[in-house]
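A quick write-up on the structure given underneath.
The values are calculated or read from the model by the stated rules, or taken from the named source; none is laboratory data. The structure presented is a predicted model; accordingly, all values stated were derived computationally and were not measured. A quick note on method: Cβ atoms are made from the backbone with ideal geometry, for glycine too, and the neighbour counts reach across all protein chains shown.
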Number of protein chains: 2
Amino acid sequence: MNEFELIQNYFNWPLSDSSIELGAGDDAAIFNLDSGYQLVTSTDTLSEGVHFFKDDSPEDIAYKSLAVNLSDIAAMGATAKYFTLAITLPILDEIWLEQFSESLKETSEKYHVSLIGGDTTRGPLNITITMMGVVEKSKAIKRSGARNGDNIYVSGEIGDAALCLKKINEGQKPHKAELIKLNRPIPRLELGSALKGLASSCIDISDGLKQDLSHIIKASEVGAMIDIKDIPLSQSMIEHIKENDDWSLPLCGGDDYELCFTAPENFNSEIINIAEFCKIKITKIGVISDSKELEIKGYDGQGESYQHF
Amino acid sequence: MNEFELIQNYFNWPLSDSSIELGAGDDAAIFNLDSGYQLVTSTDTLSEGVHFFKDDSPEDIAYKSLAVNLSDIAAMGATAKYFTLAITLPILDEIWLEQFSESLKETSEKYHVSLIGGDTTRGPLNITITMMGVVEKSKAIKRSGARNGDNIYVSGEIGDAALCLKKINEGQKPHKAELIKLNRPIPRLELGSALKGLASSCIDISDGLKQDLSHIIKASEVGAMIDIKDIPLSQSMIEHIKENDDWSLPLCGGDDYELCFTAPENFNSEIINIAEFCKIKITKIGVISDSKELEIKGYDGQGESYQHF
């Protein structure tokens, strides 16, 4: 099978987005942007042994590859639209590819994004997706807008993906619900979009709350004070902390893909409404300060966020 | 060094393109598109052992990663503008990274493209670039526009990169000029742009003339007749063919990154002018037919174009 047959067989879906003039199958894809909008683009790679295990299901790998990229677009408050897929495959395993492509297609339909091109290469499994989205001009939520006195919020519950990974690494068998937290993170697109005009800054938590909140305060040239007792935790995580006195997972574990954002206090009631509307738990975990430091009340500083190298 | 320090140290260059509102360093980049333009986007991966050798210089790898993506944008007649870089690295080799990033920066400046984001991951060396460009609405040159009677042209000389690769694989030491053909292909951006409104179809020759011209005829639902004696060849290639009676390299060898395009006969004199203006050799190698077959006069059919799997 050559590359073109491979793409034809596994990655050639009908496109329903009328802004796309030309999808996969030429040297490049072509699409239109409505006036008044900006393009928002982000790239994330998933690599075997780092982001997933050799034996993870192709369905989960496809889902997560798309979800982590959608999460970046969500963190900008943008609407995800198009993506390219560069996939490096060790062998041509048709069953694997069938399952991977089926899941990618299903996930892309769920989130209304169109595959507009890509590349296939032979080598150790490596999946790079570049996601493109659109946002009304000047409406994107950047990391740099947090101001002294703003509240700090997070969506969902933090640390469960890291707890699941820890269990796997220690040879335990996680529950299905725990595996879902690791393998099927939900990109918070609806929430990100709803926060436009309210949130002063936003980031998705991929490398751990501590590190990702640090990016906000660095980009915004402010500080932050949070309290560990305010961090929203699942029952499993509460038990883990009780047993081990270990806060490193919710603070430094990665792969949450929840949003961490800031907003002025006078938007608090609107944010509560958004939580209800989006059916997502949103928790205030602290406030922005002018100290330029991240202070975490109740935390002794143990544990480090995910380091790529 | 964490990912952010790595990006800060090696991939954080000042951006001079005023259409970029936000470059690397947030969840996603943001840029504006002038009205009347469309976005053109393409992705290509370079993987160790497939697109380059383990010992190839980081400068060459960086150059080629960018050049092959620029070549796709050139083949659309578009102007390259922005790119994202997803790089998977086996180890943190600061000397390697320094040389890679210096060459990437230099090449991006040469071709006026801006690095607007990316991702770094640990694993076997793998470089995926997603290139974004712009083109005036409806002006992109697609593969699908070739019509019966159109002339078929190629730029430059064909097969030298494959000849160089063959020599390396056979343990010979190629000349410097031959290595340049393999490692430093020139993206034909100026030519592609000049062909807008003249060329009826265009593709860049990455997988071999035979296979890439086949994509044009398939997309255009036409046929093609070319004659091997018209294919532009370097002196080394002429000697190789004389000695070995082997036409497989210019026909089926990949990595040329020259443009293969079609245009009606009445544009022939304009195309000759463009060749002069762009200082690029352009050669007519055949005509489009209505047979739906690719006929290659003087070629017995030996050799297959590059198959990815």
Condition met for A:Asp207 (buried (at least 21 other Cβ atoms within 10 Å of the Cβ) and over 18 Å from A:Gly286 (Cα atoms)) = yes
Would you mind telling me which numbered condition in (1) without any contact (Cβ under 8 Å) to a residue 60 or more places away in the chain; (2) more than 18 Å from the chain's Cα centre (by Cα) A:Leu92 fails?
-> (1)
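Is there a residue being in contact with a Gly (Cβ under 8 Å, 6 or more places away or on another chain), assigned by TED's automatic domain parsing to the domain that holds B:Ser18 and at negative phi anywhere in segment B:99-114? Spell out how you get there, then give the answer.
Applying the first criterion (in contact with a Gly (Cβ under 8 Å, 6 or more places away or on another chain)) to segment B:99-114 yields B:114.
With the extra rule that they be assigned by TED's automatic domain parsing to the domain that holds B:Ser18, the set shrinks to B:114.
Subset that is at negative phi: B:114.
Yes, there is a match, as at least one residue in segment B:99-114 is in contact with a Gly (Cβ under 8 Å, 6 or more places away or on another chain), assigned by TED's automatic domain parsing to the domain that holds B:Ser18 and at negative phi.
Would you check if B:Phe11 is in contact with a strand residue (DSSP E or B) (Cβ under 7 Å, 6 or more places away or on another chain), surrounded by fewer than 22 Cβ atoms within 10 Å (Cβ to Cβ) and either within 25 Å of A:Gly23 (Cβ to Cβ) or not assigned by TED's automatic domain parsing to the domain that holds B:Gly192 (or both)?
Numbers: in contact with a strand residue (DSSP E or B) (Cβ under 7 Å, 6 or more places away or on another chain): yes; surrounded by fewer than 22 Cβ atoms within 10 Å (Cβ to Cβ): yes; either within 25 Å of A:Gly23 (Cβ to Cβ) or not assigned by TED's automatic domain parsing to the domain that holds B:Gly192 (or both): yes.
Yes: the conditions hold for B:Phe11.
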Failed item in (1) away from chain A (no Cβ under 11 Å); (2) surrounded by fewer than 22 Cβ atoms within 10 Å (Cβ to Cβ); (3) in contact with an Asp or Glu (Cβ under 9 Å, 6 or more places away or on another chain); (4) not aromatic (Phe, Trp, Tyr), with B:Ser57 passing the rest = (3)
Among (1) surrounded by fewer than 19 Cβ atoms within 10 Å (Cβ to Cβ); (2) within 17 Å of A:Asp160 (Cα to Cα); (3) among the hydrophobic types (A, V, I, L, M, F, W, C), A:Cys252 falls short only on (1)
Which of the residues that make up segment A:60-89 are polar (S, T, N, Q), touching a Gly at 6+ places or on another chain (Cβ under 6 Å) and either surrounded by 24 or more Cβ atoms within 10 Å (Cβ to Cβ) or not assigned by TED's automatic domain parsing to the domain that holds A:Thr107 (or both)?
-> A:Thr84, A:Thr88
Under the condition of being more than 18 Å from the chain's Cα centre (by Cα) and outside any helix (DSSP H, G or I), which residue from segment A:256-278 is surrounded by the most Cβ atoms within 10 Å (Cβ to Cβ)?
-> A:Ala263
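Quickly run through segment B:225-255 and pick out the residues that are assigned to a helix (DSSP H, G or I) and of a type in the set (S, T, N, Q).
Going through segment B:225-255, the residues assigned to a helix (DSSP H, G or I) turn out to be B:228-230, B:235-244, B:248-252.
If the condition is that a residue be assigned to a helix (DSSP H, G or I) and of a type in the set (S, T, N, Q), then B:Gln235, B:Ser236, B:Asn244, B:Ser248 are the ones that fit.
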Inside segment A:119-133, can you point out the residues that are within 21 Å of the chain's Cα centre (by Cα), over 23 Å from A:Ala194 (Cβ atoms) and in a strand (DSSP E or B)?
-> A:Asn126, A:Ile127, A:Thr128, A:Ile129, A:Thr130
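Go through B:Ile73, B:Ile30 for me and flag whichever is facing chain A (nearest Cβ under 9 Å), aliphatic (A, V, I, L, M) and closer than 30 Å to A:Ser214 by Cβ.
Values: B:Ile73 fails: closer than 30 Å to A:Ser214 by Cβ.
Just one listed residue meets the conditions, B:Ile30.
Residue-by-condition table, conditions (1) at pLDDT 90 or above; (2) in contact with a Lys or Arg (Cβ under 9 Å, 6 or more places away or on another chain):
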residue	(1), (2)
A:Met1	no, no
A:Asp27	no, yes
A:Asp72	yes, no
A:Leu89	yes, yes
A:Ser108	yes, no
A:Val113	yes, yes
Picked from segment B:183-194 (must be among the hydrophobic types (A, V, I, L, M, F, W, C) and touching a strand residue (DSSP E or B) at 6+ places or on another chain (Cβ under 9 Å)), the residue surrounded by the most Cβ atoms within 10 Å (Cβ to Cβ) is B:Leu191
Considering every residue within segment B:87-106, establish whether at least one is within 22 Å of A:Ala29 (Cβ to Cβ) and either touching a helix residue (DSSP H, G or I) at 6+ places or on another chain (Cβ under 8 Å) or facing chain A (nearest Cβ under 8 Å) (or both).
-> no
Here the residues within segment B:183-212 that are within 12 Å of chain A (Cβ to nearest Cβ), outside any loop (DSSP other than H, G, I, E, B) and closer than 14 Å to B:Ser71 by Cβ are B:Gly192, B:Cys202, B:Ile203, B:Asp204, B:Asp212
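In the list B:Ser19, B:Ser65, which residue meets the criterion of being over 30 Å from B:Leu165 (Cβ atoms) and not β-branched (Val, Ile, Thr)? Show your work before the answer.
Details: B:Ser65 fails: over 30 Å from B:Leu165 (Cβ atoms).
So the residue among B:Ser19, B:Ser65 that is over 30 Å from B:Leu165 (Cβ atoms) and not β-branched (Val, Ile, Thr) is B:Ser19.
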Which condition does B:Phe83 not pass, out of (1) under 25 Å from B:Ile282 (Cα atoms); (2) among the aromatic types (Phe, Trp, Tyr); (3) within 11 Å of chain A (Cβ to nearest Cβ), if it passes all the others?
-> (1)
Report the residue count in segment B:35-54 for those that are in contact with a strand residue (DSSP E or B) (Cβ under 9 Å, 6 or more places away or on another chain) and either over 21 Å from B:Gly77 (Cα atoms) or more than 10 Å from chain A (Cβ to nearest Cβ) (or both).
-> 9
Give the residue that is farthest from A:Gly25 (Cα to Cα), with candidates limited to residues of segment B:134-182 that are assigned to a helix (DSSP H, G or I) and touching a strand residue (DSSP E or B) at 6+ places or on another chain (Cβ under 8 Å).
-> B:Gly145
Look through A:Asp230, A:Asp212 and report the one residue that is within 18 Å of A:Ile271 (Cβ to Cβ) and either modelled with pLDDT of 95 or more or surrounded by 16 or more Cβ atoms within 10 Å (Cβ to Cβ) (or both).
-> A:Asp230
Counting only residues in segment B:35-50 that are surrounded by fewer than 21 Cβ atoms within 10 Å (Cβ to Cβ) and under 25 Å from A:Gly118 (Cα atoms), the one modelled with the highest pLDDT is identified as B:Tyr37
